[in-house]
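Okay, handing you the structure first.
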């Protein structure tokens, strides 16, 4: 059985030791690298090429947010799971915007952490259910604002998502679904038997048609329209 290669990034050694001991009780996990800050994380990821990186957020020097941004460019095949003490909407949104494929707090149960790693390793998105409510709150807030500014066209809000989907081709919908699940261009290309460059062009067209500018916006749109389901 092919093991999922993990890297642990946390500035507290006792946390890394505890995580490592727990994760290595799972027969399909292998901890291949550790780092105590974002700078080390980027450097060691480039050497170890882990499948999933468990990333703390607040660390001295380069923090988890900046490390995630760098890794999405330098090591796009490395999938990142934010593992943090912060039950905080700002950090949650910032990590998703930086390119993390999931977010879970250190207070979560061990089984939830294992489930998150498995989900991310196959290209899915994992958002701890208690935290995913923030995405829904954003939708509701935007809907209320729209209703207040355009009270006579409230029924149109239900049509926006359908219009958004209708402007996408079948192939673009397939690409959007895989993007929302956290897959990169190479992984999507392998699944759809297309080149990464072709996938990149599809992503550009999708963003242009939907007037969106980040993967986070695409994930929100995919959830809202039912293309993907939250765990």
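May I ask you to verify whether residue 194 is part of a helix (DSSP H, G or I), closer than 13 Å to residue 174 by Cα and in the same structural domain as residue 182 (by TED's automatic domain parsing)?
On the way: part of a helix (DSSP H, G or I): no; closer than 13 Å to residue 174 by Cα: yes; in the same structural domain as residue 182 (by TED's automatic domain parsing): yes.
Criteria not met by residue 194.
Another question, then. If you check 148, 229, 191, which single one turns out to be surrounded by fewer than 15 Cβ atoms within 10 Å (Cβ to Cβ), over 15 Å from the mean Cα position of the chain (by Cα) and at pLDDT below 80? Before the answer, list the steps.
Details: 229 fails: over 15 Å from the mean Cα position of the chain (by Cα); 191 fails: at pLDDT below 80.
That would be 148, the only listed residue that is surrounded by fewer than 15 Cβ atoms within 10 Å (Cβ to Cβ), over 15 Å from the mean Cα position of the chain (by Cα) and at pLDDT below 80.
Please enumerate the residues belonging to the range 66-86 that are touching a helix residue (DSSP H, G or I) at 6+ places or on another chain (Cβ under 7 Å) and farther than 16 Å from residue 120 by Cα.
Answer for the range 66-86, where residues must be touching a helix residue (DSSP H, G or I) at 6+ places or on another chain (Cβ under 7 Å) and farther than 16 Å from residue 120 by Cα: 66, 67, 69, 70, 74, 84.
Also, I was wondering about something else. Regarding residue 34, is this residue assigned by TED's automatic domain parsing to the domain that holds residue 109 and either in contact with a helix residue (DSSP H, G or I) (Cβ under 7 Å, 6 or more places away or on another chain) or within 21 Å of residue 187 (Cβ to Cβ) (or both)?
When the stated conditions are applied, residue 34 passes them.
The values are calculated or read from the model by the stated rules, or taken from the named source; none is laboratory data. As the structure is a computational prediction, the values presented were derived from the model and not from experiment. Here the Cβ is made from the backbone with ideal geometry for all residues, glycine too, and neighbour counts use every protein chain on show.
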